[in-house]
Every structure is written in structure tokens, then in C-alpha cells.
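Notes follow once the structure below has been shown.
A short reminder: the numbers here are calculations on the coordinates, not readings from a lab. Quick caveat: nothing in here was measured; it's all calculated off a predicted structure. Counting neighbours? That spans all protein chains shown, and the Cβs are built from the backbone with ideal geometry, glycine included.
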Amino acid sequence: MADNETSGRWGRVLRYTFGGALCLVAGVNVLVGSAWYLSLGVAATGGMILVGQRRIFRAGVSRSGDQIVCRYIPWYEGNAYSALVLIPLMGVAMVGAGSAAGNPVWLRYGGIVLLVGVTPLALYGVVRMWRRSLLSITPSMLTVRLAERRSESTEIRRELVESIEPKRVPQPVSGEWLQVAITYRPLDVGENTTKTVVLGLRLSVQPINLLNALVAWKDGANDNSIELLDRIERILRGATMAGV
């Protein structure tokens, strides 16, 4: 675990250093009068490196009485900025570069694909997650709704939960992402049958905080309901375990 944390820390340092260097190069290009599309392309690439890998700026958590709701909030997540701002800017830069004399024409076509193909699909996905993804936490029940096609709300009572465990999901570019797997016994199937729902990527909450909060919820059957929700909310928002 310590080795993974150390390598992850160094990976972030290298990513921020490289992304920041590209943004600095973009600024220098502007000062020396380089072509606008070159400066824009380098700046967009640096920005995607800095914010594009699931960087969560703020927890998408709200509280109303005895209910805590976690949602996907696009403006709280770096990947939404990459998909809806930086990728289109890259497309504009590629169209500009491909239209300039002496540059490969495929750059223009690639930029058009980013603008009229990738960006609308990304917008659709972001809006769908924003409107549908939800995790509701009450003292005795979870309500889960994911953005997948035909996904309806699923209610999970605490006494039906078998386990809440971390689940690492491989990603093609960024290694592994931590998610939370909830295994439970549905009411509409046999007693010995279980289902598993995986949370994390579609909620604007740090995965480790989500895991700790749900474990605290599962273990809090005998706790005062208000104190339990207060503790869960603090964990979701990023309070240290020592402080809860």
C-alpha cells in the first residue's frame, strides 16, 4: 500500500510538472509571436494533463434533514473541463494548424472530428451523469441510481448489505481507479442470491472518502442517527478519520 501511495504521489508530481511546463511553453510562444494555433494546442494539452485525470475539486454532497445526497457535478471535476473545454480548444487549434500552408491536412480533419464528433458525445455523457447519477444515504437505507441505460433506482437496506469493499478498476491510460463495491441481498430474488453495485466514477466524491463513509454507515446501526449522518457527511467532504 505504501509503495502504491509513493508511486502515485510521484506520478502526480511528474504530471503536474509536465503539464505546468507545457502551459509555460504556451505562454512563451505567445510572447515570441508563434502561430496562435501552436500556443493554443500546447496550452490545451498542458491543461488536460493538469486536470484531466479525475481530479475532483469539491465534493458533490448535499444534506437535507436525515438524508445525504451525493451526485456527479460537472463543474466540480477536472475531466468535465477537459471534455467540454480543453478538447474543443484542441480541435480549434488542429483546424487552424491544418488550414495553414505547409502543415499536414489531416490536422484539420482531426480537429473537425474532435469538434463535431467527440465533443457532442462527451457533452451527452456529462449531462446524463449529472442528471441521473445519485447516491442517497439515510440512517437505514441507501438509494443508488446510475447513469447507464435503463438504470433505475435501487434501494439497499443496511441489514441486507453483505459487504462494502474497495474495488480497483483498470483504466487504459491512468492505471487503476479506486471504486466501491456494495454487495447486498435483493428482496426480489432468493435468500442466498447477492448482487453487487459499483460506485465511484459517477459521483463527485473522492473514492477513498466514499468508501470510508459507506463503511461507517454500515457499522453505525446502533449509533444515534443524527450523529451518524454528521460523521458520514464530514467523511464525504474530506474530513480525516482522526477527526470523526
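Assorted remarks:
- Among (1) 1.22; (2) 1.13; (3) 1.43, the entry derived from the coordinates for Cα Rg over 2.2 N^0.38 Å: (1)
- Cut-off 18 Å (backbone N to label point 7 Å along Cα→Cβ of residue 143), residues of segment 104-130: 130
- The simple Förster model, with R0 at 25 Å and r as the Cβ-Cβ distance, assigns residue 194 and residue 128 a FRET efficiency of 0.35.
- Contour excess over end-to-end distance, with Cα ends at residue 17 and residue 105 and 0.36 nm allotted per residue: 28.5 nm
- Relative to the Cα centre, the charge distribution of the chain, modelled as +1 at Lys and Arg Cβ and -1 at Asp and Glu Cβ, gives a dipole magnitude of about 640 debye.
- Peptides 75-88, 204-217, 58-71, ordered by how many other C-beta atoms sit within 10 Å of their residues on average, highest first, read 204-217, 75-88, 58-71.
- Net length gained if the chain between residue 218 and residue 28 were fully extended (0.36 nm per residue, minus Cα distance): 63.0 nm
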